[in-house]
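The numbers here are math on the coordinates, done by the rules we state, and not lab data. Nothing here was measured: the structure is a model prediction, and the numbers come from that model.
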Amino acid sequence: MRAAPEQYEMISPGNLAAALKLMASEPGRWLPVAGGTEVMVQYSAGRLPQRNLMNVWGLPELRRIEVTPDAVVIGGGCTFAEIRAHKAIAAEFSMLAKTAAWVGSIANQNRATLAGNLANASPAADSPPALLAYEAEIELISVRGTRRIPYTQCHLDYKRTALTQDELILAVRLPRRFAGWRDYVRKVGTRNAQAISKVCMAAQALVQDGVVEAIRMGMGSVAPVPLRLAAIEECAAGRKVNATLIAECRQLLDKMIAPIDDIRSTIEYRRLVAGNVLEDCLRTLAGTA
Amino acid sequence: MSLQRIVMTVNGVERTVDAHPMERLLDVLREKLGLTGTKEGCGEGECGACSVLMDGSLVNSCLIPVAQAAHAQIVTIEGLGSPEKLDPVQEAFLHCGGSQCGMCTPGMIMAAKCLLMHNVKPSREEIREGLGGNLCRCTGYMRIFEAVEAAARKQESEAAR
């Protein structure tokens, strides 16, 4: 059923301060819309419950990418096209650049924003596993000021985030402390373009003489929220990648994940493939693939 | 909810429309401005039939609330070439058989145009990626890819002249 546009309001505040003021004055009333690649789909299908929308597309304060000595800071309003084209991101955070290139199609990447991807909070979103592996932080802003939280604390449950009703995602901070780490990123989907993940994973590790000194891993599409695989990271730290370690890690993963049956895949397939991807990840990072 | 006056530049001409802010750019182009070259396929950003250029970027016009197109530069299929002198991409689609039923063609040509604006000599892989968001149910894509390669060659030889 097609939505009736006259039943919807959209306000364009024009700058960040005005947007935050509007959100603070009527908490929960105004749904922020950036590139619209999620909201407009719901709207057109007649499934968008919110009638009051706030246009944050193109707000300059949300569109910067800043490279500081200790972090690359990506404005929440940056599109995936901008992220994949950015030299410092491609050089130091190539998994994020790759996952940006996995988002929908070129037309979607030109509109979809990093903040939108996180605020929409789909467990199948492309960018979260890389952000988890990079130990990203997110900066939230409201009229009350800004606060910074680890990205691991962003997703509370399926489609539920730690954002309060008056907050926007100002930026995502990627700490520059992983020089020399190897990385691994993989998406399993139905086709190359326009596919939503059945399973996706990103990881990076510091490996010396075949021993995993340290490892960080994120996985998507296998639970109500994107998962940081902390228990597996602990299990693998300080050990050589061999059949014993892989079996232990696969067992841990099996306990951590809770995949679902849906139009894209089945529980059984996701469980098996998640384990296979984890094994491929460990072997690849250790150089034993 | 009230109508808003929205000004945008469409195919080089400033246009003013009174529209609800959440009307889709696609519907405003087709129904208020009579530019029916842009098609609706899926209506959810998956098929690319509604592709247009907005401020130089390829976008799905079905996913754009017209309020977000205020003051933007929009180019639709009608903005490329003319019946007397086709755009090289349009000409190549015609010559290579890159169009069959025609439903995907305007969006496909806009995606190809956008690709060739940023990459004058795309590889087959780059063409596949550039057109990855545009679905065609007739051609099997090969003639479309050949058309993009032919358009690239034509543009190159014209630039060399």
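Annotations
- Cross-link pairs beyond the 20 Å C-alpha cut-off, checked among A:Lys98/B:Lys39; B:Lys39/B:Lys85; A:Lys98/A:Lys187; A:Lys87/B:Lys121: A:Lys98/B:Lys39; B:Lys39/B:Lys85; A:Lys87/B:Lys121
- Secondary structure note: in segment A:27-164, about 80% of the DSSP beta bridges are antiparallel.
- Descending semi-axes in whole angstrom, ellipsoid equivalent of the protein assembly as shown, from the Cα gyration tensor: 38, 28, 20
- Along its principal axes, segment B:1-96 has C-alpha extents of 48, 29, 21 angstrom, given from the largest down.
- Calculated mean residue ellipticity, 222 nm, chain A: -9000 deg cm²/dmol, from DSSP H runs (n ≥ 4) at -39500 (n - 2.57) each, averaged per residue and rounded to 500.
- Overall dimensions of segment A:182-286 by Cα: Rg and Dmax, Å: 13.4, 43
- DSSP bridge pairs, the protein assembly as shown: antiparallel proportion in percent, nearest 5: 90
- Distance from the Cα centroid of segment A:167-213 to that of segment A:45-115 is 16 Å (rounded to whole angstrom).
- Taking each DSSP H run with n ≥ 4 as -39500 (n - 2.57) and averaging over every residue of chain B yields -9500 deg cm²/dmol at 222 nm.
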